[in-house]
Amino acid sequence: MGQYRIAALPGDGIGPDITREAQKVLEAVAAKFGHTFAYEEALIGGAAIDETGSPLPDETVARCKASDAVLLGAIGGPKWDTTDPDGVRPEQGLLGIRKALELYANLRPVKIFDALIDSSTVKPDVIRGVDIMIVRELTGGIYFGKRERVGEMAYDTMEYNAYEVERIVRMACELARARNTANVCSVDKANVLEASRLWREVAHRVAAEYPDIELWDQLVDNSAQQIIKNPRQFDVMVTGNMFGDILSDEASMLSGSLGMLASASLGDGPGLYEPSHGSAPKYTGMDVANPTATVLSAALMLRYSLELGREADAVEVAIERVLADGYRTKDIMSEGRELVGTSRMGDLIAERVE
Ligand code: IPM
Ligand code: MG
């Protein structure tokens, strides 16, 4: 029976709606397993800009650092969109907290729930049994490189240091081991980019320390095809920040909806857990968003940061049951199923935690 401190960062748009449901499910876990989760709320993104002028107030960083784990909703919205190079953007809050907590590894599991096989736009035969762990490097690459706007010209730079590649590939190899697979696909663009050539070289150097792991390379444009063509060939995929951002959104569509894709961002301190999707501003407060990705992220939090594996399993099983019982939010709705809203979905999952 443990006591845990969780920093809750609801953020913008549907962020508060889905974070609330994840907390609801965590409360069910607390009740069943006798734990206590103490939440500290903090501002991030547009909500933080409105209140403090900054997308990532110092206080938020301090609260996150003092917690056992961070649960985040989503950030951004048209209200704060700007093309002004000096403008303040909600996304800076998200990138900033990842950097501040040194969350270099972003885990995005793409697992197909049997009950949802028909709600994907990809054929059932292609997606049945898919279980991919995308490992995205999160604090380097082009999202953090030098950039500048010079009149009518602008540039961004993709930089990687060997140590950044080393630690993310090591994480991927360790995860592969834990999943009992030898299959690690390293995705790059080594036929064009120098940063990718370094990536590839270092990836193989690290993999050589893991004789039980087979690390193979794939060019990112080919990966984009292969994920749709034959997703079962993949088990663990490891890649840089931008490629991982794009490929994980693509892979999420195998499961029918971005609303099902969870994520865990890990470093050496507290981990951060957030759905892979955005803040869907037009659905704010309308009780239509799918909270499952956030609830699944909370399960990852239980597993990776709080070392509560049994509790994490219980949440995942609860979600499977809700889907098997035929309940669907709008994004995964299909004929003959029962349409439910955000809050009801949270209730249904919470009720099934045991
Ligand atoms: C994600 C998002 C973010 C990212 C944006 C909002 C900065 O797309 O978490 O995938 O690119 O990392
Ligand atoms: Mg993204």
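Annotations
- Per-region count, the range 27-80, residues of a type in the set (Ser, Thr, Tyr) and either in a loop (DSSP other than H, G, I, E, B) or in contact with a Pro (Cβ under 6 Å, 6 or more places away or on another chain) (or both): 2
- Within the range 273-281, one or more residues are closer than 22 Å to residue 100 by Cβ, more than 12 Å from ligand 2 (Cβ to nearest atom), open to solvent by less than 50 Å² (accessible area, probe 1.4 Å) and touching a residue at least 12 places away in the same chain (Cβ under 8 Å).
- Only a single criterion out of (1) among the hydroxyl-bearing types (Ser, Thr, Tyr); (2) under 30 Å from residue 268 (Cβ atoms); (3) open to solvent by 10 Å² or more (accessible area, probe 1.4 Å) is not satisfied by residue 294, namely (3).
- Reported count of residues in the range 81-126, each being in a strand (DSSP E or B) and either modelled with pLDDT of 95 or more or open to solvent by less than 40 Å² (accessible area, probe 1.4 Å) (or both), is 6.
- Only one of 88, 29, 61, 70 that is of a type outside the set (Lys, Arg) and under 18 Å from the mean Cα position of the chain (by Cα): 70
- Subset tally (residues that are crowded, with 21+ Cβ neighbours inside 10 Å, away from ligand 2 (no atom under 15 Å from the Cβ) and within 13 Å of residue 97 (Cα to Cα)) for the range 255-269: 1
- Residue in the range 321-341 that is more than 20 Å from residue 117 (Cα to Cα) and either touching a residue at least 40 places away in the same chain (Cβ under 8 Å) or touching a Ser or Thr at 6+ places or on another chain (Cβ under 6 Å) (or both) present: yes
- Taking the range 236-254 as the range and being farther than 27 Å from residue 202 by Cα, open to solvent by less than 10 Å² (accessible area, probe 1.4 Å) and away from ligand 1 (no atom under 12 Å from the Cβ) as the test, only 254 passes.
The values are calculated or read from the model by the stated rules, or taken from the named source; none is laboratory data. This is a predicted model, so every value here is computed, not measured. No Cβ is skipped: glycine too gets one built from the backbone with ideal geometry, and neighbour counts run over all protein chains shown. Ligands, DNA and RNA are excluded from the accessible area calculation, which covers all protein heavy atoms including side chains. Shrake-Rupley method; radii C 1.70, N 1.55, O 1.52, S 1.80 Å.
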